[in-house]
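Read the figures in this text as sums done on the coordinates, not as results from a lab. Model, not experiment: these values are computed from the prediction. As a convention, Cβ positions derive from the backbone with ideal geometry for all residues, glycine included, and neighbour counts pool all protein chains shown.
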Amino acid sequence: MTPPVPSAAPPSPSKIPLPRNDTDEPVQMWALVNLVLSVAGLILAIVVVVCVLLQHKKKQKKSQASEEPKKQKNNHFSYWLVAALVMGVAGIVVFLLTEDMTHPMGLVDNWTIL
């Protein structure tokens, strides 16, 4: 016969462990991952804007070549432009509001999930 296995207690939820100094207080730091993701978001927004503008220019050139009567203007491209610009700028603004770069750098912090 096998001995009974004691039931294990479920792990308790924990917060993100932060480095501590000699006084046992959390060290203030800013996260490198947040900076990288903010810059990547801005670059992606710029790429989307450039692609949408090139596609719109291509459609205009095609419609001028065919000389068809102009239909109701489709503004889907402008929605993509506005959405991409807002998201790109919002990422940088959130980074600047949540990170104090005068502190030492860490890999992640409490704001990384945002």
Seminar exercise, completed: Any residue on another chain or 5+ positions along whose placed amide H is under 5 Å from the amide H of Ala31 is listed here as Gly106
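Would you please put 100-108, 51-59, 36-44 in order of how densely packed they are, using the mean number of other Cβ atoms within 10 angstrom per residue and starting with the highest? Provide the component values of the computation, followed by the final result.
Values: 100-108: 11.4, 51-59: 13.0, 36-44: 15.0.
Ranking the peptides 100-108, 51-59, 36-44 by packing returns 36-44, 51-59, 100-108.
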Problem set entry | Separation in nanometres of the label points that stand 7 Å from Cα toward Cβ, at Gln64 and Ile46 | 2.7
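Ranking Thr23, Thr112 by Cβ neighbours within 10 Å, fewest first, what do you get?
Working: Thr23 5, Thr112 15.
Ordered from fewest to most neighbouring Cβ atoms within 10 Å, Thr23, Thr112 come out as Thr23, Thr112.
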